[in-house]
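Just below is one structure, and these are the notes that go with it.
The values are calculated or read from the model by the stated rules, or taken from the named source; none is laboratory data. Quick caveat, the model's predicted, so the values are computed rather than measured. In this analysis, Cβ positions are derived from the backbone assuming ideal geometry, glycine residues included, and neighbour counts consider all displayed protein chains. Ligands, DNA and RNA are stripped out before the accessible areas are found, and what is left, the full protein with its side chains, is counted by its heavy atoms. Shrake-Rupley method; radii C 1.70, N 1.55, O 1.52, S 1.80 Å.
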Amino acid sequence: MMVCMSSVWRRGSVFAARLRTQDWACGLAGFSHRFYSTKTAPQIPGMEYQDAICTLNTLQTNASALEQVRRERSHPQLQMQAMRGFLERAGLTVEQLDHLNIIHVTGTKGKGSTCAFTEQILRSYGFRTGFYSSPHLVQVRERIRINGQPIVKELFTKYFWQVYGRLDETKDAHGGTMPAYFRFLTILAFHAFLQEKVDLAVIEVGIGGAYDCTNIIRRPWVCGISSLGIDHTQILGDTIEKIAWQKGGIFKPGVAAFTVKQPEDAMVVLRSRAEETRCPLWVCPELEDYQADCGPLRLGLAGQHQRSNASLALQLTRTWLQKRCLPGLEAVSRLTAPCPGSTDQSFPSTGVENTAGRQVASFKPSPTMVTGLADTEWPGRSQTLKHGAVTYFLDGAHTMRSMQACVHWFRDTAAQHERSASGPVARVLLFNATGERDSAAMLKLLVPCDFDFAVFCPNITEAVASCNADQQNFNVSVENMLTRCLDNERSWHLHHGAGNTKGTQRLIEDGLDPERKADTLVFPCILSALQWITQGRDLVLADPAERDLPVKPSVMAKAAPLCDAAEIHILITGSLHLVGGVLKHLDMASSK
């Protein structure tokens with residue numbers, strides 16, 4: 001949940017002038033917060049990318065729309081009815097979506113990584129791919145990818161105004177309603193994929209499955225469910241059974257579905273959902289069961305938890321290729337599975353009888369599959385960036401299970417880096433969590449990592465900067481974000497047995513003044529936190545263009561262990577939005 005801390009956005013376009021006259025802002029001044037109207041702007045010739053993003057941000061759920069959201073949550077079927085109406089108003093039909101040859105994937109942990117593996121493999125075969133995912137890390141257009149790359153600004157802008165214009169023109173006849181942010185982006189992705197004539201679209205579910213707006217899809221080619229756990233309980237329910245029921249809502253009659261090994265309570269529900277839907281459901285084997293000529297399969301994504309995601313991706317891609325099965329296609333000819341109609345029993349049956357929850361057989365991956373798994377990249381998930389003496393370990397883990405996997409990955413990977421370090425290494429945690437998540441429980445999992453410092457900041461990219469509309473969020477106040485950071489700091493102290501300390505010390509001029517101990521700090525934005533942690537040793541952050549609030553000398557004095565260390569290792573976790581804000585500063589290319 002990014003907020004750009006800046007003065008009112010000033011652009012020379014006619015559209016920006018209109019926004020200013022209506023008291024609009026693309027940023028927040030100081031630490032104040034206001035709710036923003038959902039009133040939409042008309043299409044004006046000459047609109048640019050940032051105009052599109054600012055208009056998109058008006059569709060974010062705010063105070064005026066919260067009551068509608070609550071009504072729809074109590075009557076979830078209304079969500080799908082509304083989505084169908086918005087789709088038709090945008091000039092699209094569910095019949096058109098049938099031609100996108102969709103792979104539909106849900107899950108609690110690993111659904112994005114599964115989609116990334118799947119898309120990379122099929123792109124390696126030479127197919128033109130579309131990939132819709134969420135959230136974005138730095139720019140909104142990351143959510144809509146063509147052939148593995150975020151859709152270019154020119155196409156995003158063009159397709160945005162085509163879809164927005166149709167919806168805006170019809171809103172008066174529909175009570176002035178416009179789709180919310182995620183719904184709009186889903187419609188935009190479908191439109192872009194159809195216009196770009198992709199061979200297939202990999203679609204990641206937003207939240208849940210049964211009533212997620214991506215479930216407007218009626219005829220996917222294959223479905224997948226990654227690892228299940230407890231998350232989004234206010235929407236999906238507070239038990240694994242309720243969550244499994246929601247996830248199983250993407251099952252379609254006669255469409256093969258695959259899942260990884262799940263908790264038994266969840267598996268019972270998935271089997272029941274599959275049988276009710278007459279969907280053939282299969283459980284993927286362990287990755288070690290696949291026998292490739294090259295030996296053990298190598299994955300482009302780090303972490304032991306990625307192995308089940310890779311197995312799921314192999315089954316999804318194999319099934320998709322089996323259905324496509326173009327004569328003479330080199331890629332398919334190398335598959336061990338035959339084309340449909342063959343008597344080879346190693347390929348899953350499309351019949352539902354006696355199949356729900358059975359384990360599917362492994363197979364020999366083709367060379368193209370092997371290459372695809374190894375070449376997969378998915379930023380912000382078990383990602384390591386080394387900038388001289390500073391090494392960043394980025395993982396957007398935000399559930400208990402994903403945090404457990406993050407801790408395992410970080411401890412192993414950081415230990416490897418420390419063995420090759422030229423001297424003492426300082427370990428720093430940079431953490432934030434959002435929404436309803438139990439940040440105290442996640443922090444407890446992180447304690448054994450032996451951090452020298454725990455640093456907390458909200459998902460605010462910078463305190464003094466030009467506006468970046470891609471990372472704005474109007475759904476939460478700055479005060480609430482900062483309060484959450486202080487709560488996280490207290491939880492960290494309690495986990496360390498420090499209890500409550502007394503006394504105050506101002507951390508940053510005109511900033512926060514909470515109590516401090518030497519091992520924890522709270523900063524008002526991501527940039528100030530990074531600059532303090534790195535102590536000028538990352539040249540990217542030391543760039544004069546990366547300026548932020550001055551830190552008091554007494555706070556700088558706390559950094560002696562960082563200055564004395566040969567290297568600094570930073571784990572950034574708890575929120576994908578936090579990771580995205582960090583990447584905005586570390587990878588300038590991602591912001592262009």
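In the context of the full protein assembly, H408 retains an accessible surface of approximately 100 Å², using a probe radius of 1.4 Å and ignoring ligands and nucleic acids. The amide H of I102, built 1.01 Å from its N in the peptide plane, has A201, W221 as neighbours under 5 Å, considering only residues 5 or more places off or on other chains. Working note: Cα gyration tensor of the stretch 170-264, eigenvalues times five, square-rooted, sorted largest first, giving semi-axes of 27, 20, 11 Å.
Entry note: the stretch 66-178 has Rg to Rh equal to 1.00, where both radii use alpha-carbon atoms and Rh is the Kirkwood radius. Amide H to amide H, with H built 1.01 Å from N, G229 comes under 5 Å of T108, K109, counting only residues 5 or more places away or on other chains.
Using the Cβ atoms and a cut-off under 14 Å, what net charge is assigned to the surroundings of P296, where Lys and Arg are +1 and Asp and Glu are -1? Once positives and negatives cancel, what remains is -1.
How big is the gap, in Å, between the Cα center of the stretch 147-207 and the Cα center of the stretch 398-436? Using only Cα atoms, the two centres lie 36 Å from each other. Across the accessible surface of the stretch 242-287, with the other protein chains kept in place and a 1.4 Å probe, carbon and sulfur atoms take up 50 percent.
Solvent-accessible area per residue in the stretch 208-264 equals 34 Å², computed with a 1.4 angstrom probe and all protein chains kept. Entry comment: accessible area of the stretch 388-440 is 38 Å² per residue, from protein heavy atoms only and a probe of 1.4 Å.
Shape call for the stretch 176-328 from the C-alpha gyration tensor, a ≥ b ≥ c root eigenvalues: rounded (a/c under 1.5), prolate (a/b greater than b/c) or oblate? Since a/c reaches 1.5 but b/c is at least a/b, the shape of the stretch 176-328 is classed as oblate. First check a/c for the stretch 85-242, with a ≥ b ≥ c the square roots of the eigenvalues of its C-alpha gyration tensor; if it is under 1.5, answer rounded, and if not, answer prolate when a/b is larger than b/c or oblate otherwise. In terms of gyration-tensor shape, oblate. Taking the square roots of five times each eigenvalue of the Cα gyration tensor of the stretch 143-183, the equivalent ellipsoid has semi-axes of 26, 11, 6 Å, listed largest first. Other residues whose C-beta falls under 14 angstrom from the C-beta of H174 contribute a net charge of +1, scoring Lys and Arg +1 and Asp and Glu -1.
Between their Cα atoms, which of K158/K252; K111/K252; K111/K158; K109/K261 are more than 22 Å away from each other?
K158/K252; K111/K158
With all protein chains in place and a 1.4 Å probe, the accessible surface of the stretch 101-191 carries 47 percent carbon and sulfur. Between the amide H of T461 and those of V3, M5, I526, distances stay under 5 Å, these residues lying 5 or more places away or on another chain, with hydrogens modeled in the peptide plane. From the alpha carbon centroid of the stretch 214-231 to that of the stretch 239-260 is 7 Å.
A566 sits among other residues whose Cβ lies under 11 Å from its own Cβ, and their net charge, with Lys and Arg +1 and Asp and Glu -1, is -2. The shape of the stretch 394-466 comes out oblate: with a ≥ b ≥ c from the C-alpha gyration tensor, a/c is at least 1.5 while a/b does not beat b/c.
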